Amino acid sequence: CMPNQICRKITVFLLVLIGLAHGIEASESNAASPVTIAPLLEELWQRNPSIQEAEAKWKAAKKRQIQAWALPDPVAGFDLMGEMRETRTGPEENRFVVSQELPFPLKLWYRRQRAKEKTKQAFEAYQAVRRRLAREFKTAYYELYVVDSSLAVIHEIHSTLKNIEAVAEARYAQGSSSQRDAAKSQAEVSMSLEQVYLFEQKRQSLVSLLNAMLDRSP
């Protein structure tokens with residue numbers, strides 16, 4: 001006795017509830033081996049090329065900070081005088097020469113301060129890369145969760161709509177229903193297929209992004 005539009009809305013609502021229940025059951029059945037985000041983040045720290053590059057720059061800056069106190073390399077040489085010659089101080093002889101430059105202590109201190117500041121900047125840049133990539137990774141991870149949950153619902157709805165389409169076509173063939181009802185059922189099935197395609201494309205993009213951030217093969 002209710003209008004057809006209200007019936008369709010109630011049907012869609014019930015189908016959504018069925019799909020959600022199906023998604024919950026599927027998640028419970030897979031609870032034995034969940035893919036949690038914590039180990040993936042650990043893998044991100046260890047394998048992501050951008051994080052590894054920033055960490056390498058920070059560690060290199062730390063080593064340069066230690067080297068800032070070091071004295072310049074000593075210089076060693078050998079004076080070859082050739083034929084022996086007599087001078088007022090005696091005959092000239094071949095000799096080894098060793099020299100060491102000793103910078104002013106304040107100069108070494110300033111050099112150490114500059115190296116320390118560069119180390120701090122490199123560390124902050126490293127932390128910034130970690131935070132940025134962690135935020136991007138978490139966003140993609142949870143978007144993938146939403147897409148998978150949505151796909152489970154849409155597949156359930158699509159299966160139910162296929163059954164409704166079959167019933168509508170059978171009723172139309174028997175003459176107990178109009179062609180318009182059968183066409184609407186077919187349109188709803190097509191729309192659900194389109195939604196499946198769109199979500200599958202989005203899922204593929206998210207998986208590719210996560211694999212790239214983890215430096216995994218496709």
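Some values worked out for this structure:
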| item | result |
| --- | --- |
| Subset of segment 116-157 that is within 13 Å of the chain's Cα centre (by Cα) and of a type in the set (Ser, Thr, Tyr) - its residue that is least open to solvent (accessible area, probe 1.4 Å) | TYR141 |
| Positions within segment 132-152 being modelled with pLDDT under 90 and among the aliphatic types (A, V, I, L, M), in sequence order | LEU151, ALA152 |
| Number of the condition not met by SER190 [criteria: (1) over 30 Å from GLN65 (Cα atoms); (2) crowded, with 17+ Cβ neighbours inside 10 Å] | (2) |
| Contacts under 7 angstrom Cβ, first residue in segment 99-127 being part of a helix (DSSP H, G or I) and aliphatic (A, V, I, L, M), partner open to solvent by less than 60 Å² (accessible area, probe 1.4 Å) and modelled with pLDDT under 90, 6 or more apart | ALA115/GLN65; ALA115/ALA68; ALA122/ALA61 |
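The values are calculated or read from the model by the stated rules, or taken from the named source; none is laboratory data. A quick note: this is a predicted structure, and the numbers were derived from the prediction, not measured. So basically every Cβ, Gly included, is an ideal-geometry build from the backbone, and we count neighbours across all protein chains shown. Just so you know, the surface numbers come from the protein's heavy atoms only, side chains and all, with ligands and any DNA or RNA stripped out. Shrake-Rupley method; radii C 1.70, N 1.55, O 1.52, S 1.80 Å.
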